[in-house]
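Worksheet: one structure, shown below.
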Ligand code: SF4
C-alpha cells in the first residue's frame, strides 16, 4: 500500500474529528487494558514468563542462522518446502508461482500482517486470482478496501452501523431490506458467505504466530477458527512469515503463548491454537497436499545488531497499541501504513524508510506505558528516541529547530550567561504576564493554541535563593517563616 | 551548623521551577531541611538537558549531562522536585555514556544518589509533615516519569495523607499521560490537546478543587488547559502544599497584590 505516513499530522487531525472513530477508540481504551491487567493478575508467574519470553527471543536472534537452517531441514523432512525471500516482491512472486502451479483462481486467507506488509491481496487480484479474507475483521476491511487499523483487531475503527452499511452496499445479491443491525446477524451473513469460499478455495494462505525449529511447525492463533478452515480444506497451504518468527522448541512456543493472548486481549488462551506441520501424511484423513513456507526478510536482517535489534522480539500482540495514549487518540490509520502504535512507530521507519515515516517516532510523549506492558519487554521509548537521534544526526530536525536547540544548549552549558539572561527574561515576562498567565506569546504558538501559559514570578528561584530578599541566604529566612 | 549526621543535599531545582515557579524550590528547601538535610542550591545549575535528549540531539545532551555531573558530584544526594528531570539523571545519563567508560562511571555514581523529592522524603528520610493543613479536595496526577522511571506512586499519597483538611480523590486515569511530552505538545498540538482534555475530564469527574502533581511540566500543561477551558481547579506542586505554602497563588493565578 502507498504509505500516507508523511501526512501524519493531517491524518491525526482528521482522526480526532472523526466521531465514530473516536467512539470506537474510547471502547478499545476501556476494554483491552482492563482485561489484560486482570489476566496478568490471575497468573502469579506472569512477570517471570515475560522475562522468559524475552530471553527465548534474544537467544533466537543471537543464533538466527542456525535456527533457520534447523527449521528448514525439519520442514523439508516433513515434506514441505521453504521459499527464502529477501524482499516483498520476491515473496509476492513466490506466492504467485505456487498459486499458478496449483492452477488457483481462489485463495482463502487468514489474518497475516506479513500479507499486509507485502500487499498480497492487490497483487493476487492484479494476476486474476481472488483473495478472500476469512477473519471477520479482515473480511470487513477487505470489502471496504481499507488497511487494518490494529494488528489484532483490524476493523476496530468501525462501528456496528458502519459494518452493516458496508454489507448492505457490497452484498448486493441479498435482500436490501434485511435486518442486519445486530452483531449476530452480521456474523451469520459473513459466515454464510465465507462458507462457500472456504470450500471452493484452491490455496489457503495463512500467517504464522511462530515457527518452531524443533518440529518445523507453524503456530496459528485465532478466536474464530477461520485459520483452520483456511489451511485444512484447500489442496495447498502457504504459510507466509517473517524470519524472526522462529522459536527453538515446542516448549518455548508454549511459554510465548502464555503471554501472547493475555497481553493481547486478556484471554488466558486464544480460542483456537493450531500447530501445522507439513502436508497431509498417508495416514491423515485430511489436510493440504502441499505445504509451503514463504520466509520473508524485508529488512529484518538489517535490524539485527542495530539499535532496533530488540524490536525483532515483537510477537504482534497489540498490547502497546491498546495502552498507547497517542494510538487511542488517533487510531491506526493515522500512522499511514500497515502497522501502528508504538511498535509501528519503531518498525515502520525500518521497513519503508525514515524519509517517509519520519513523523512517527516523534509523535510520542515517551510516556513509557507501552514498555511497561510489552510482554517481550521491548524498550520502545528508547528506540523511538534512537530514531530521533538518527534524524537529528542526518539534519532532519529542520534548520530552525536545530538552530534553536543549539543556541539553547549553548546557553545551558554556560551557567553564568544563562543566569544573567534568564533573570532578564523572567523579569520581562513577569511584567508582561501580570494576570498570572498568557493567552498568547510570540514563538509559543503550539503551546498557546491549546492552553494558557503561566507567567513567571519575577526572578528565578536560584537568584532569589542566593540573593534573598534582604541579601542573605533564603534557607535561613524560610526557617524563620519568610515566604517568596 | 555543620552537623555531620546531616546529609549534604544538592537541590537540582529544574529549569521549569527555576524560571516559572520559584516557590516550589523554596518549598523543597524547606521540606528537605525539615527532614534533617543540609541543602545547597548550586548556582551553576541550569537544565538537565531533556529537551535536547528527547529531540535526538546527542552531542548537546552529553555536554549538558557532563556539566550537571560535575556540578552535583560532591553531594551525598541530589534531590529533584520532578520525576522527569530526576529520571533524566538517574536513567538516561548512564545510557548516554554507554560507550565512554570514564563518564559512565561518573554518571552511574551520580544516578545512584539521585532522587525525586517526594520519594526521597519518605523512602530515604522517613519524613512526614506535621502541623500542615490544606482545606480542599485534591486529585493527584502521576507523571509518567515519576511513575515509570522513578517508581513514585505511594510516596506522595503517604505524605499528603498527613496534611490536615486535605482529601485525595483518585482519578481513574491518574496514571495516564497528560499529553505534555516536552516539545511534543508544541509539535503535535492537536493530539496533545485531545490527551490533556481526556486528563481534565478525568480530573473533573473526581470532583476535586485542586490538582496536585510532582512535575511542573505536567502541571503547566494541565493547568494551562484548565484555565483555557475555564475550569476552576487549581494546580499546585505537591511540595508546596506539604511545605505549608498551599495558600500562595496557584499556577497561572495572578500574584497577590497585583490586579
Ligand atoms: S512491541 Fe511488544 S506490546 Fe507491542 S505488539 Fe510487539 S510484543 Fe506486543
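The lone criterion from (1) under 30 Å from residue A:197 (Cα atoms); (2) within 16 Å of the ligand (Cβ to nearest atom); (3) surrounded by fewer than 20 Cβ atoms within 10 Å (Cβ to Cβ) left unmet by residue A:255 is number (1). Those helices (runs of 4 or more DSSP H) of segment A:1-67 in which at least 1 residues are within 14 Å of another protein chain (Cβ to nearest Cβ), within 18 Å of residue B:197 (Cα to Cα) and out of contact with any strand residue (DSSP E or B) (no Cβ under 6 Å at 6 or more places or on another chain), considering only elements entirely within it, cover A:8-16, A:19-42.
Within the set A:299, A:358, A:318, the sole residue that is within 14 Å of chain B (Cβ to nearest Cβ) and either crowded, with 18+ Cβ neighbours inside 10 Å or within 17 Å of residue A:64 (Cα to Cα) (or both) turns out to be A:358. In segment A:306-361, counting only helices (runs of 4 or more DSSP H) that sit wholly within it, the ones holding 3 or more residues that are more than 10 Å from the ligand (Cβ to nearest atom) and in contact (Cβ under 8 Å) with a residue 24 or more places away in the chain span A:325-330, A:341-352, A:354-357.
Matching residues to (1) surrounded by 21 or more Cβ atoms within 10 Å (Cβ to Cβ); (2) within 27 Å of the chain's Cα centre (by Cα); (3) outside any helix (DSSP H, G or I):
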residue: A:163; (1), (2), (3): yes, yes, no
residue: A:196; (1), (2), (3): no, no, no
residue: A:208; (1), (2), (3): yes, yes, yes
residue: A:215; (1), (2), (3): no, no, yes
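Contact annotation: residue pairs with Cβ atoms under 8 Å, 6 or more positions apart or on different chains, pairing a residue in segment A:395-408 that is at the interface with chain B (Cβ under 7 Å from one of its Cβ atoms) and under 22 Å from residue A:355 (Cα atoms) with a partner that is outside any helix (DSSP H, G or I) and modelled with pLDDT under 75, are A:405/A:397. The single condition among (1) within 11 Å of chain A (Cβ to nearest Cβ); (2) in contact with a strand residue (DSSP E or B) (Cβ under 9 Å, 6 or more places away or on another chain) that residue B:230 does not satisfy is (2). When residue B:245 is tested against the conditions (1) surrounded by fewer than 20 Cβ atoms within 10 Å (Cβ to Cβ); (2) in a loop (DSSP other than H, G, I, E, B), the lone failure is (1). Residues that are under 21 Å from residue A:304 (Cβ atoms), within 14 Å of the ligand (Cβ to nearest atom) and over 15 Å from the mean Cα position of the chain (by Cα) within segment A:362-393 comprise just one, A:382.
Filtering segment B:135-144 to residues that are more than 12 Å from residue B:219 (Cβ to Cβ), away from chain A (no Cβ under 14 Å) and touching a helix residue (DSSP H, G or I) at 6+ places or on another chain (Cβ under 8 Å) leaves B:138, B:139.
When segment A:367-384 is limited to residues that are facing chain B (nearest Cβ under 7 Å) and surrounded by fewer than 24 Cβ atoms within 10 Å (Cβ to Cβ), the one that is nearest to residue A:330 (Cα to Cα) turns out to be A:368. In the set (1) under 21 Å from residue B:159 (Cα atoms); (2) in contact with a helix residue (DSSP H, G or I) (Cβ under 8 Å, 6 or more places away or on another chain); (3) at the interface with chain A (Cβ under 10 Å from one of its Cβ atoms), the condition left unmet by residue B:86 is number (3). For segment A:420-450, the set of residues classified as at pLDDT 80 or above, in contact with a helix residue (DSSP H, G or I) (Cβ under 7 Å, 6 or more places away or on another chain) and more than 7 Å from chain B (Cβ to nearest Cβ) consists of A:421, A:423, listed by residue number. Residues in segment B:16-27 that are touching a residue at least 60 places away in the same chain (Cβ under 8 Å), under 21 Å from residue B:69 (Cβ atoms) and at the interface with chain A (Cβ under 9 Å from one of its Cβ atoms): B:17 only. Restricting attention to segment B:69-117, the residues that are under 17 Å from the mean Cα position of the chain (by Cα), closer than 26 Å to residue B:141 by Cβ and crowded, with 18+ Cβ neighbours inside 10 Å add up to 20.
Would it be correct to say that residue A:274 is in a helix (DSSP H, G or I) and touching a helix residue (DSSP H, G or I) at 6+ places or on another chain (Cβ under 6 Å)? Here the answer is no, as residue A:274 does not meet what is asked. Listed here are the strands (runs of 3 or more DSSP E) enclosed by segment B:145-238 that have at least 3 residues being touching a residue at least 12 places away in the same chain (Cβ under 8 Å) and out of contact with any helix residue (DSSP H, G or I) (no Cβ under 7 Å at 6 or more places or on another chain): B:164-168.
Residue count for segment A:393-404 satisfying the condition of being modelled with pLDDT of 80 or more and either part of a helix (DSSP H, G or I) or surrounded by 10 or more Cβ atoms within 10 Å (Cβ to Cβ) (or both): 2.
Among the residues of segment A:365-387, the ones that are in a loop (DSSP other than H, G, I, E, B) and either without any contact (Cβ under 8 Å) to a residue 40 or more places away in the chain or at positive phi (or both) come to 3 in all.
The values are calculated or read from the model by the stated rules, or taken from the named source; none is laboratory data. What you are looking at is a predicted structure, and each value in this text was computed from that prediction instead of being measured. As a convention, Cβ positions derive from the backbone with ideal geometry for all residues, glycine included, and neighbour counts pool all protein chains shown.
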